[in-house]
Amino acid sequence: MQYLETAVEIAREAGALLANYFERRVAFELKGEFDLVTEADRSSEKLVVEKLRSYFPSHGIVAEEGSGGPGSSEYRWYVDPLDGTTNFAHSFPMFNVTLGLERAGEVIAGVIYDPLRQEMFTAERGGGAYLNNRRIRVSQIKRLADSLGSTGFPSRKRSHNVNIHFYYQLAMASHGVRRTGSAALDLAYVAAGRLDFFWEFGLKPWDQAAGTLLVSEAGGCVSDMNGGPLSITGSDHVLADNAVLHNEVLAMFGRIFGGQAPLALPELC
Ligand code: IPD
Ligand code: CA
Ligand code: CA
(Lines give C-alpha, C1' and ligand atoms only; values in the text may rest on other atoms or scores of the structure.)
(Ligands and ions follow the chains in the order given, each with its own letter.)
Protein backbone atom coordinates (compact mmCIF):
# COMPACT_ATOMS: atom_id res chain seq x y z
CA MET A 1 0.00 0.00 0.00
CA GLN A 2 1.30 3.40 -0.99
CA TYR A 3 0.46 4.90 2.42
CA LEU A 4 2.47 2.34 4.37
CA GLU A 5 5.48 2.59 2.07
CA THR A 6 5.50 6.36 2.45
CA ALA A 7 5.12 6.12 6.23
CA VAL A 8 8.09 3.72 6.36
CA GLU A 9 10.22 6.13 4.36
CA ILE A 10 9.26 9.06 6.59
CA ALA A 11 9.82 7.07 9.81
CA ARG A 12 13.28 6.04 8.58
CA GLU A 13 14.22 9.65 7.94
CA ALA A 14 12.82 10.90 11.24
CA GLY A 15 14.53 8.00 13.03
CA ALA A 16 17.91 8.96 11.54
CA LEU A 17 17.35 12.52 12.72
CA LEU A 18 16.53 11.28 16.24
CA ALA A 19 19.58 9.00 16.32
CA ASN A 20 21.74 11.97 15.37
CA TYR A 21 20.37 14.12 18.20
CA PHE A 22 20.76 11.15 20.57
CA GLU A 23 24.50 10.94 19.79
CA ARG A 24 24.91 14.64 20.53
CA ARG A 25 22.77 14.63 23.72
CA VAL A 26 20.16 17.37 23.82
CA ALA A 27 18.86 19.60 26.58
CA PHE A 28 15.29 19.07 27.74
CA GLU A 29 12.56 21.45 28.80
CA LEU A 30 9.48 20.71 30.86
CA LYS A 31 6.06 21.10 29.26
CA GLY A 32 4.29 19.82 32.38
CA GLU A 33 5.45 18.97 35.90
CA PHE A 34 7.43 15.91 34.75
CA ASP A 35 6.62 16.03 31.04
CA LEU A 36 9.81 16.51 29.05
CA VAL A 37 10.26 17.84 25.53
CA THR A 38 13.45 18.35 23.51
CA GLU A 39 14.55 19.95 20.29
CA ALA A 40 14.59 16.43 18.85
CA ASP A 41 10.82 16.01 19.44
CA ARG A 42 10.14 19.27 17.59
CA SER A 43 12.54 18.68 14.68
CA SER A 44 11.27 15.16 14.15
CA GLU A 45 7.67 16.38 14.18
CA LYS A 46 8.50 19.15 11.70
CA LEU A 47 10.06 16.63 9.32
CA VAL A 48 7.19 14.12 9.60
CA VAL A 49 4.41 16.71 9.29
CA GLU A 50 6.03 18.50 6.31
CA LYS A 51 6.52 15.20 4.47
CA LEU A 52 2.98 14.00 5.19
CA ARG A 53 1.58 17.33 3.99
CA SER A 54 3.58 17.20 0.80
CA TYR A 55 2.54 13.61 -0.04
CA PHE A 56 -1.05 13.73 1.25
CA PRO A 57 -2.26 17.34 1.32
CA SER A 58 -5.88 16.40 2.04
CA HIS A 59 -5.10 14.16 5.05
CA GLY A 60 -5.63 15.33 8.63
CA ILE A 61 -2.66 15.13 11.03
CA VAL A 62 -2.75 14.84 14.82
CA ALA A 63 0.81 15.20 16.09
CA GLU A 64 1.88 15.26 19.74
CA GLU A 65 3.72 18.57 19.70
CA GLY A 66 0.74 20.29 18.08
CA SER A 67 1.82 21.07 14.52
CA GLY A 68 -0.83 18.98 12.75
CA GLY A 69 -4.13 20.20 11.40
CA PRO A 70 -7.49 18.97 10.12
CA GLY A 71 -7.72 17.67 6.59
CA SER A 72 -10.46 17.55 3.99
CA SER A 73 -10.49 13.76 3.53
CA GLU A 74 -11.45 10.78 5.74
CA TYR A 75 -7.77 9.98 6.36
CA ARG A 76 -6.01 11.08 9.55
CA TRP A 77 -2.43 10.45 10.67
CA TYR A 78 -1.49 10.11 14.33
CA VAL A 79 2.15 11.04 14.82
CA ASP A 80 4.40 10.62 17.83
CA PRO A 81 7.66 12.17 16.59
CA LEU A 82 9.60 10.82 19.59
CA ASP A 83 8.00 8.22 21.83
CA GLY A 84 10.19 7.74 24.88
CA THR A 85 11.34 11.32 25.42
CA THR A 86 12.29 10.79 29.07
CA ASN A 87 14.54 7.88 28.05
CA PHE A 88 15.97 9.94 25.20
CA ALA A 89 16.74 12.95 27.41
CA HIS A 90 18.65 10.69 29.83
CA SER A 91 20.55 8.81 27.08
CA PHE A 92 18.62 5.62 27.85
CA PRO A 93 18.51 3.89 24.45
CA MET A 94 14.80 3.05 24.12
CA PHE A 95 12.69 5.30 21.92
CA ASN A 96 11.01 5.37 18.52
CA VAL A 97 9.06 7.38 16.01
CA THR A 98 5.58 6.14 15.19
CA LEU A 99 2.85 6.95 12.66
CA GLY A 100 -0.63 5.46 12.48
CA LEU A 101 -3.13 6.09 9.69
CA GLU A 102 -6.84 6.12 10.42
CA ARG A 103 -9.54 6.05 7.77
CA ALA A 104 -13.13 6.79 8.75
CA GLY A 105 -12.39 5.99 12.40
CA GLU A 106 -10.43 2.75 11.84
CA VAL A 107 -6.62 2.43 12.00
CA ILE A 108 -5.58 0.90 8.68
CA ALA A 109 -1.76 1.18 8.72
CA GLY A 110 0.98 1.76 11.25
CA VAL A 111 4.73 2.08 11.58
CA ILE A 112 6.99 2.05 14.64
CA TYR A 113 10.69 2.62 14.00
CA ASP A 114 13.47 2.11 16.54
CA PRO A 115 16.49 3.77 14.90
CA LEU A 116 19.09 2.50 17.38
CA ARG A 117 18.25 -1.15 16.65
CA GLN A 118 17.14 -0.37 13.10
CA GLU A 119 13.90 -2.20 13.73
CA MET A 120 10.98 -1.20 11.52
CA PHE A 121 7.65 -2.61 12.73
CA THR A 122 4.83 -2.31 10.19
CA ALA A 123 1.24 -3.42 9.82
CA GLU A 124 -1.69 -2.93 7.49
CA ARG A 125 -5.23 -3.93 8.42
CA GLY A 126 -5.81 -7.45 7.16
CA GLY A 127 -2.22 -7.84 5.95
CA GLY A 128 -0.36 -9.10 9.03
CA ALA A 129 2.41 -7.53 11.12
CA TYR A 130 6.08 -7.36 10.18
CA LEU A 131 9.49 -6.57 11.62
CA ASN A 132 11.97 -5.55 8.91
CA ASN A 133 9.68 -7.19 6.35
CA ARG A 134 9.50 -10.51 8.18
CA ARG A 135 6.17 -11.68 9.55
CA ILE A 136 5.81 -11.48 13.33
CA ARG A 137 3.34 -13.18 15.65
CA VAL A 138 2.39 -12.89 19.30
CA SER A 139 3.74 -15.40 21.82
CA GLN A 140 2.01 -18.63 22.77
CA ILE A 141 2.52 -18.33 26.53
CA LYS A 142 -0.55 -19.86 28.13
CA ARG A 143 -0.40 -18.88 31.80
CA LEU A 144 0.09 -15.51 33.45
CA ALA A 145 2.46 -17.29 35.85
CA ASP A 146 4.81 -18.01 32.89
CA SER A 147 4.55 -14.61 31.21
CA LEU A 148 6.48 -11.36 30.87
CA GLY A 149 4.51 -8.12 30.78
CA SER A 150 5.06 -4.42 30.48
CA THR A 151 3.31 -1.23 31.50
CA GLY A 152 3.90 2.50 31.66
CA PHE A 153 3.20 5.48 33.88
CA PRO A 154 2.21 8.73 32.19
CA SER A 155 4.20 11.91 32.79
CA ARG A 156 1.03 13.98 33.13
CA LYS A 157 -0.80 13.98 36.49
CA ARG A 158 1.29 11.04 37.60
CA SER A 159 0.43 11.40 41.29
CA HIS A 160 -3.22 10.62 40.36
CA ASN A 161 -2.31 7.43 38.54
CA VAL A 162 -3.55 4.21 40.18
CA ASN A 163 -1.31 2.00 38.07
CA ILE A 164 1.12 1.16 40.86
CA HIS A 165 -1.60 -1.10 42.34
CA PHE A 166 -1.93 -2.95 39.04
CA TYR A 167 1.83 -3.06 38.62
CA TYR A 168 2.29 -4.77 41.98
CA GLN A 169 -0.36 -7.44 41.45
CA LEU A 170 0.69 -8.28 37.88
CA ALA A 171 4.39 -8.30 38.74
CA MET A 172 3.72 -10.78 41.56
CA ALA A 173 1.57 -13.01 39.34
CA SER A 174 4.02 -13.22 36.39
CA HIS A 175 7.74 -13.50 35.63
CA GLY A 176 7.85 -9.73 35.81
CA VAL A 177 6.51 -6.47 34.44
CA ARG A 178 8.89 -4.22 32.53
CA ARG A 179 8.60 -0.44 32.31
CA THR A 180 10.37 0.42 29.09
CA GLY A 181 9.35 4.10 28.90
CA SER A 182 8.12 3.71 25.32
CA ALA A 183 4.51 2.63 24.89
CA ALA A 184 4.76 2.13 21.12
CA LEU A 185 7.69 -0.25 21.54
CA ASP A 186 5.83 -2.08 24.32
CA LEU A 187 3.03 -2.73 21.83
CA ALA A 188 5.44 -3.66 19.04
CA TYR A 189 7.15 -6.11 21.41
CA VAL A 190 3.81 -7.76 22.25
CA ALA A 191 3.23 -8.13 18.49
CA ALA A 192 6.71 -9.65 18.09
CA GLY A 193 6.25 -12.12 20.98
CA ARG A 194 8.95 -10.45 23.11
CA LEU A 195 6.34 -9.49 25.68
CA ASP A 196 3.14 -11.40 26.45
CA PHE A 197 0.96 -8.55 27.64
CA PHE A 198 0.96 -4.76 28.06
CA TRP A 199 -1.43 -2.33 29.67
CA GLU A 200 -1.44 1.36 30.45
CA PHE A 201 -3.80 4.11 31.63
CA GLY A 202 -4.22 7.40 29.80
CA LEU A 203 -2.33 6.79 26.56
CA LYS A 204 -2.88 9.27 23.75
CA PRO A 205 -3.94 8.18 20.25
CA TRP A 206 -0.44 8.81 18.81
CA ASP A 207 1.08 6.46 21.42
CA GLN A 208 -1.11 3.51 20.47
CA ALA A 209 -2.53 3.89 16.93
CA ALA A 210 0.19 1.93 15.14
CA GLY A 211 0.99 -0.43 18.04
CA THR A 212 -2.54 -1.66 18.64
CA LEU A 213 -2.90 -2.45 14.93
CA LEU A 214 0.40 -4.35 15.06
CA VAL A 215 -0.82 -6.47 17.98
CA SER A 216 -4.13 -7.32 16.28
CA GLU A 217 -2.41 -8.13 13.01
CA ALA A 218 0.09 -10.36 14.84
CA GLY A 219 -2.78 -12.45 16.23
CA GLY A 220 -3.08 -10.72 19.61
CA CYS A 221 -6.00 -9.19 21.45
CA VAL A 222 -6.57 -5.50 22.12
CA SER A 223 -9.29 -4.07 24.37
CA ASP A 224 -9.73 -1.67 27.23
CA MET A 225 -8.89 -3.00 30.70
CA ASN A 226 -12.49 -4.09 31.27
CA GLY A 227 -12.51 -6.16 28.09
CA GLY A 228 -14.57 -3.59 26.15
CA PRO A 229 -13.65 -2.42 22.65
CA LEU A 230 -10.70 -0.05 22.53
CA SER A 231 -11.15 3.45 21.17
CA ILE A 232 -7.69 4.99 20.67
CA THR A 233 -9.20 8.44 21.15
CA GLY A 234 -11.78 7.67 23.84
CA SER A 235 -10.73 4.79 26.13
CA ASP A 236 -9.13 5.52 29.51
CA HIS A 237 -6.90 2.46 29.36
CA VAL A 238 -5.64 -0.28 27.06
CA LEU A 239 -4.77 -3.97 27.36
CA ALA A 240 -2.87 -5.69 24.54
CA ASP A 241 -1.82 -9.31 24.84
CA ASN A 242 -1.15 -12.58 23.05
CA ALA A 243 -4.89 -13.45 23.08
CA VAL A 244 -4.33 -16.67 25.11
CA LEU A 245 -3.76 -14.65 28.29
CA HIS A 246 -6.55 -12.15 27.63
CA ASN A 247 -9.18 -13.61 29.99
CA GLU A 248 -6.72 -14.32 32.78
CA VAL A 249 -5.35 -10.77 32.73
CA LEU A 250 -8.86 -9.30 32.53
CA ALA A 251 -9.93 -11.42 35.51
CA MET A 252 -6.99 -10.03 37.49
CA PHE A 253 -7.86 -6.46 36.47
CA GLY A 254 -11.50 -7.09 37.47
CA ARG A 255 -10.41 -8.13 40.97
CA ILE A 256 -8.17 -5.08 41.35
CA PHE A 257 -10.82 -2.64 40.05
CA GLY A 258 -13.29 -4.31 42.44
CA GLY A 259 -11.04 -3.87 45.49
CA GLN A 260 -10.38 -7.64 45.67
CA ALA A 261 -6.69 -7.67 44.70
CA PRO A 262 -5.08 -11.00 45.59
CA LEU A 263 -2.16 -9.51 47.54
CA ALA A 264 -1.92 -6.65 50.00
CA LEU A 265 0.93 -4.21 49.45
CA PRO A 266 3.81 -5.11 51.80
CA GLU A 267 4.21 -3.16 55.04
CA LEU A 268 7.15 -0.78 55.37
CA CYS A 269 9.42 -2.01 58.14
C1 IPD B 1 5.32 8.31 26.82
C2 IPD B 1 5.91 6.94 26.70
C3 IPD B 1 5.79 6.18 28.00
C4 IPD B 1 4.36 6.12 28.49
C5 IPD B 1 3.77 7.52 28.59
C6 IPD B 1 3.89 8.23 27.24
P7 IPD B 1 6.33 10.27 25.26
O8 IPD B 1 5.37 8.98 25.56
O9 IPD B 1 5.25 6.20 25.70
O10 IPD B 1 6.21 4.84 27.89
O11 IPD B 1 4.35 5.50 29.76
O12 IPD B 1 2.41 7.38 28.93
O13 IPD B 1 3.37 9.54 27.37
O14 IPD B 1 5.84 11.39 26.13
O15 IPD B 1 7.71 9.86 25.55
O16 IPD B 1 6.04 10.49 23.81
CA1 CA C 1 6.33 11.98 22.17
CA1 CA D 1 4.40 8.89 23.35
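The values are calculated or read from the model by the stated rules, or taken from the named source; none is laboratory data. If you're wondering where the values come from, they're calculated on a predicted model, not measured in any experiment. As a convention, Cβ positions derive from the backbone with ideal geometry for all residues, glycine included, and neighbour counts pool all protein chains shown. We work out accessible area using only protein heavy atoms, side chains counted, and drop any ligands, DNA or RNA first. Shrake-Rupley method; radii C 1.70, N 1.55, O 1.52, S 1.80 Å.
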Angle in degrees between helix 39-55 and the longest Cα principal axis of the chain, rounded to the nearest 10: 60 degrees
Environment charge at ALA145 (Cβ cut-off 15 Å; Lys +1, Arg +1, Asp -1, Glu -1): -2
Cα-based helix-to-principal-axis angle, 246-257 vs the chain, degrees rounded to 10: 70 degrees
Region 144-257: C-alpha gyration tensor shape, a/c 1.5 cut-off, then a/b vs b/c: rounded
Per-residue HN-Hα couplings for region 166-179 [Karplus 6.51, -1.76, 1.60; θ = phi - 60°; Hz; x = Gly/Pro]: 5, 4, 4, 5, 6, 5, 6, 8, 10, 6, x, 10, 7, 9
Carbon/sulfur fraction of accessible area - the chain, other protein chains in place, 1.4 Å, %: 49 percent
For the chain: accessible area per residue (Å², 1.4 Å): 46 Å²
Segment LYS31-THR86, length gained on full extension (0.36 nm per residue, minus Cα span): 18.6 nm
Additional length obtainable on full extension of the chain from GLU9 to HIS165, 0.36 nm per residue less Cα span: 52.1 nm
Relative contact order (percent, whole number), the chain, Cα cutoff 8 Å, 6+ residue spacing: 16 percent
Region 131-171 and region 36-96: distance between their alpha carbon centers, rounded to Å: 24 Å
Angle in degrees between helix 205-217 and the longest Cα principal axis of the chain, rounded to the nearest 10: 70 degrees
Kirkwood Rh in Å, taken over region 97-156 so that all alpha-carbon pairs contribute: 14.0 Å
Efficiency of FRET from Cβ geometry, GLU267 and GLN140, R₀ 35 Å, rounded to 0.05: 0.35
Kirkwood Rh, angstrom, region 1-88 [1 / mean 1/r, Cα pairs]: 13.6 Å
